[in-house]
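The values are calculated or read from the model by the stated rules, or taken from the named source; none is laboratory data. Nothing here was measured: the structure is a model prediction, and the numbers come from that model. Cβ sites come from the backbone with ideal geometry, for glycine too, and all protein chains shown count toward neighbours.
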Amino acid sequence: MKIEFIKSPSPATMNILARRSTNREISGARKPGAVGLVQGSLAEMISAADTAEKAATVQVEEIMGICPQHVAMIAIYGDIAAVECSLKAISEKFND
């Protein structure tokens, strides 16, 4: 699993995510304080999305354009502290 954390994402970053988003209302509607990107197997991403939303007040969406049979990616949107908390919870869950 690969995890990336982006503080204060640029407009270009948000445009890239909006084009690949399954829910344009989330990624295109506002500029979040941070974005977390998590990439791995589909089962891991479903579990990671659940973990992220239970850990903090964030919005999670699937990002398209990755090989769906082997690799999937989710984006986690929210304020910096909430995204950081969600990514930490995901990291702890999958590193155990």
Please pick out the residue among A48, A52, A75 that is touching a residue at least 12 places away in the same chain (Cβ under 8 Å) and closer than 15 Å to A18 by Cα. A75
List, please: which pairs have Cβ atoms under 7 Å, are six or more places apart or on different chains, and start with a residue in the stretch 1-29 that is over 16 Å from M73 (Cβ atoms) and of a type outside the set (V, I, T) and end with one that is at pLDDT 95 or above and in a strand (DSSP E or B)? K7/A34
